[in-house]
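The numbers here are math on the coordinates, done by the rules we state, and not lab data. Please read these numbers as outputs of a predicted model, since none were measured by experiment. A quick note on method: Cβ atoms are made from the backbone with ideal geometry, for glycine too, and the neighbour counts reach across all protein chains shown.
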Amino acid sequence: MKNGTRKWLFCAVLVALLAGFVGAASAKEILIGNMQDISGPTSVWGNAVTRGAEIAVEKINAAGGVDGAMLKLITMDTKANVQEAIKGYNSLVSSGVVAVVGPPVSNIGLALGPIANKAGVPVVGSFIDPRVTVGEDGKPQAAMFLMQPSSVQYSEIMASYTIDVLGLKKIGVLYDQSNAFAVSLMKPYVEYIKAAGGEIVSEQVYTKGDKDFKTQLTKIKEAGADCLYFPNYIQEAVLVTNQRKQIGFDVPIIGGLDFAPPFASLVNDPEAANNIYLANNFSEKEPQLKEVWDVYKAKYGENPVNKVFLGYDKILLIQEAMKLAGGTSSEHVMKGMPVVANLEGTTGVLTISPDTHQPVGLSMVMYKIEKGEYVELGRYVPEKHRAPWSK
Amino acid sequence: MLVQNILNGISLGSVYALIAVGFALIFNVLKFSNFSQGGVMTVTAYAGYVASRYLSDRLDSLVLFAAVLAAAAVSGAVIAAAVERLAFRRLRRTKSEPVYYFISSITMGILLENLITIYASSNFYSYPRFFATSAVPLFGVNVAVTDMMMFALSIAALLALLFILHRTKIGLGIRAACFDVNTVQLMGMNPDFLVTTALMISGALGGVSGVFLGMNYTLYPQLGQMVVKGFVASVLGGLGSIHGAVIGAVLLGILEIFFISWVGAGWAPVFVFIVMLAFLLVRPRGIAGIIVQEKA
């Protein structure tokens with residue numbers, strides 16, 4: 001054999017061997033994308049979701065993976081920016097991910113919907129605007145899945161608790177009219193209250209960047225409201241809580257998820273952080289949290305926030321979808337996700353509706369903040385949310 | 001409702017006034033709109049917060065509050081001096097076009113804001129509680145203690161500034177520099193020192209404003225963007241007039257609150273700016289009636 005031919009033959013064998021190794025390595029890995037805000041304004045949430053997802057991946061891999069293949073999480077930083085998120089999603093699809101852990105940001109979910117439907121790589125997120133998972137035609141977005149109550153479900157839980165449990169019927173509403181999250185939480189609440197015989201005595205708005213709400217609060221106070229519904233982000237929640245006390249408006253606040261810890265500690269005034277109701281995804285006392293809680297605390301030296309458990313459950317859902325569909329490709333995840341039922345997650349029992357790609361019958365844990373302390377009131381789900389096939 | 005709105009307006013105006021006074025001082029001396037004041041306010045608010053965290057175990061609440069204000073004022077003065085050295089001095093030496101002062105001040109404001117974002121993240125923080133009571137009854141309605149203190153401090157800052165400008169040698173020098181820097185130099189005064197002093201006073205005021213803004217509205221990197229309201233108040237009051245800035249700020253605060261009450265928060269800015277435009281059409285010199293030619 002000539003020298004040159006021998007060299008070519010050696011190279012060909014080497015390439016074949018390398019290809020074999022690479023093929024063998026990728027055959028044992030299932031790539032899952034994770035798109036979160038790692039460095040932007042909502043990075044507290046993004047990092048928490050990522051850590052929760054990583055803990056789930058580590059646990060699944062320690063138990064032998066899925067069908068003998070190890071899960072590998074590839075994280076992309078969205079910087080809470082829609083364009084960055086779209087670039088990140090396309091890059092993940094090119095990398096061969098079979099599913100993507102989505103961010104808890106609705107406007108990113110809205111932008112990703114049509115792209116993900118076309119690419120066929122499902123996104124499992126916690127974007128609560130229902131338009132992310134259900135199109136204008138009323139049909140579910142094929143590749144988009146929500147794993148916590150939508151804004152409609154959440155608002156109705158809060159509205160039902162306000163009127164059916166607390167017996168408060170004269171409601172004042174204050175919300176950011178320039179924020180889709182706040183608006184999506186306001187409308188269903190108001191509709192539920194009116195349908196249940198309650199009255200919206202004053203509806204006040206503010207816009208992005210406003211920091212002084214005393215005028216709106218004074219108007220709501222003057223209107224004789226029994227309580228204040230305030231579905232907005234945590235920074236405004238802190239301001240409104242303090243300003244409510246400053247003007248002497250001592251009625252309950254019915255809040256959103258942003259009133260969950262660490263909200264009360266940020267108010268820095270137990271007298272102000274008082275008489276506030278909220279619904280959280282879980283209770284710290286619930287036994288299903290313990291394992292993740294302990295792992296997180298040992299790893300990061302702090303208590304986990306609720307987004308950690310959302311990240312964890314997103315991976316559990318993807319794993320369950322693979323099991324149900326009998327394969328590990330993106331097509332299998334797409335096929336399995338809508339039929340997930342009664343999956344014991346950390347945030348509750350997860351059943352995904354094939355009609356809406358949203359969870360059904362998912363209860364929330366009600367809390368009351370009393371002088372800066374969270375007092376648990378138990379799980380709550382309105383009667384109309386209960387599905388016959390859910391627990 | 002009316003009394004509550006007026007008091008709310010005065011309290012909001014007090015926030016703007018603290019910003020506007022520092023703004024007006026620099027306009028008075030250097031004849032340009034110093035938007036780096038926003039960045040200075042942000043950094044000093046964070047400096048005050050760090051001081052509060054560091055000293056909270058060592059000092060009682062009222063002493064702690066005074067220490068936090070002092071720390072923020074000193075850091076504001078130092079940062080403003082650094083801004084003068086980095087952003088404005090060379091421009092003055094080279095007699096640069098006026099627009100460069102404006103660009104330079106905006107750039108410094110953005111730089112300071114971004115530095116805070118990098119080092120302190122974009123999360124928000126809350127100042128500790130300094131006072132046992134957060135609100136006191138006045139004329140049958142509740143008024144926040146911080147709002148009352150802000151109003152008192154705005155008045156105090158105005159009086160202190162007027163005293164410095166009209167009763168001290170430095171003040172005389174600063175006022176002389178307002179007219180002609182070259183002549184001031186010929187008369188043996190150091191214009192660099194005078195300009196730096198003016199900026200340091202403005203920076204110290206920015207520090208105090210920053211702490212109050214942080215206490216009232218939480219601490220976040222974009223806190224200094226409220227400087228725009230200070231600028232509007234300054235224009236309304238008469239550019240370059242310090243007492244005009246305070247009056248303009250309180251008027252702006254009251255106007256905003258009443259428009260929020262009448263037409264809602266969405267439309268309120270529209271109506272406020274319409275009133276402002278109408279006012280400036282009738283009286284372009286502003287309330288105080290002083291016209292100073294602006295560099296930028």
*Taking chain A as the reference, fit the longest principal axis to its C-alpha atoms, fit the long axis of helix A:106-119 to the helix C-alpha atoms, and give the angle between the two in degrees, 0 to 90, nearest 10.*
30 degrees
*In 20 Å bins starting at 0, how do the alpha-carbon pair distances of chain A split up by percent?*
27, 53, 15, 4, 1
*Only Cα pairs under 8 Å and at least 6 apart count here; give the relative contact order of the range A:200-310 as a rounded whole percent.*
20 percent
*Report the normalised scattering of chain B as log10 I(q)/I(0) at q = 0.12, 0.13 Å⁻¹, calculated by the Debye formula with identical scatterers on the alpha carbons.*
-0.77, -0.90
*Projected area averaged over orientations for the range B:208-296, convex hull of C-alpha atoms, nm²*: 6.8 nm²
*Take A:166, B:213 and order them by how many other Cβ atoms sit within 10 Å, fewest up front.*
A:166, B:213
*Calculate how large, on average over all directions, the projected area of the Cα convex hull of the range B:58-211 is; give the answer in nm² to one decimal.*
12.7 nm²
*Going from the alpha-carbon gyration tensor of the protein assembly as shown, what semi-axes, largest first and in whole Å, does one get by taking the root of 5 times each eigenvalue?*
52, 34, 21
*So, counting K/R as plus one and D/E as minus one, what does the shell of residues with Cβ under 15 Å around residue A:326 add up to?*
-1
*Using Cα atoms only, what is the angle between the long axis of helix A:151-160 and the major principal axis of chain A, expressed in degrees (0 to 90) to the nearest 10?*
30 degrees
_Using only DSSP helix segments of four residues or longer, with each worth -39500 (n - 2.57), what per-residue ellipticity at 222 nm results for chain A after dividing by its residue count and rounding to 500?_
-13500 deg cm²/dmol
*Take the Cα atoms of the range B:49-134, find their three principal axes, and give me the spread along each one in whole Å, biggest first.*
52, 25, 22
*Please provide three numbers in whole Å: the alpha-carbon extents of the range A:238-391 along the principal axes, with the largest listed first.*
59, 40, 24
*Hydrodynamic radius by Kirkwood, which averages 1/r over all alpha carbon pairs of the range A:33-102, in angstrom*: 12.5 Å
_Between residue A:383 and residue B:103, what is the label-point separation in nm under the 7 Å Cα-to-beta-carbon projection?_
7.0 nm
*Does anything in the range B:213-254 have its amide N under 19 Å from the 7 Å Cα→Cβ label point of residue B:50, and if so which residues?*
B:213-215, B:219-224
*Relative contact order of chain A, defined on C-alpha pairs under 8 angstrom at six or more residues apart (%)*: 16 percent
*Here are some pairs, A:285/A:307; A:118/A:208; A:118/A:323; A:290/A:314; which of them have Cα atoms lying more than 27 Å apart in this structure?*
A:118/A:208
_Stretchable slack from residue B:160 to residue B:192, in nm (0.36 nm times residue separation minus alpha-carbon distance)_ = 9.3 nm
*Long-range amide H partners of residue A:76 with built H, under 5 Å*: A:34, A:35, A:36
_At q = 0.20, 0.24 Å⁻¹, what log₁₀ I(q)/I(0) does the range B:146-218 have when each alpha carbon counts as one equal point scatterer in the Debye sum?_
-0.83, -1.02
*Just the Kirkwood number for the range A:121-267, please: inverse of mean 1/r across all distinct Cα pairs, in Å, one decimal.*
16.0 Å
*asked:* Using the crude model of +1 on Lys and Arg Cβ and -1 on Asp and Glu Cβ, and no other charge, please compute the dipole size for the protein assembly as shown relative to its Cα centre, in debye to 20.
replied: 1880 debye
_Label-reachable residues, the range A:29-45, where backbone N falls under 13 Å from a point 7 Å from residue A:70's Cα toward its Cβ_ = A:29-31
_Surface/4 estimate of mean projected area, convex hull on alpha-carbon atoms of the range A:54-204, nm²_ = 11.5 nm²
*In Å, the Kirkwood hydrodynamic radius of the range A:219-289 over pairs of distinct alpha carbons?*
12.8 Å
*Which aspartates and glutamates have a Cα lying under 16 Å from the Cα of residue A:299, excluding residues fewer than 8 positions away in the same chain?*
A:54, A:58, A:291
*Label-to-label distance, nm, for residues given as residue B:133 and residue B:185 (7 Å Cα→Cβ offset)*: 5.6 nm
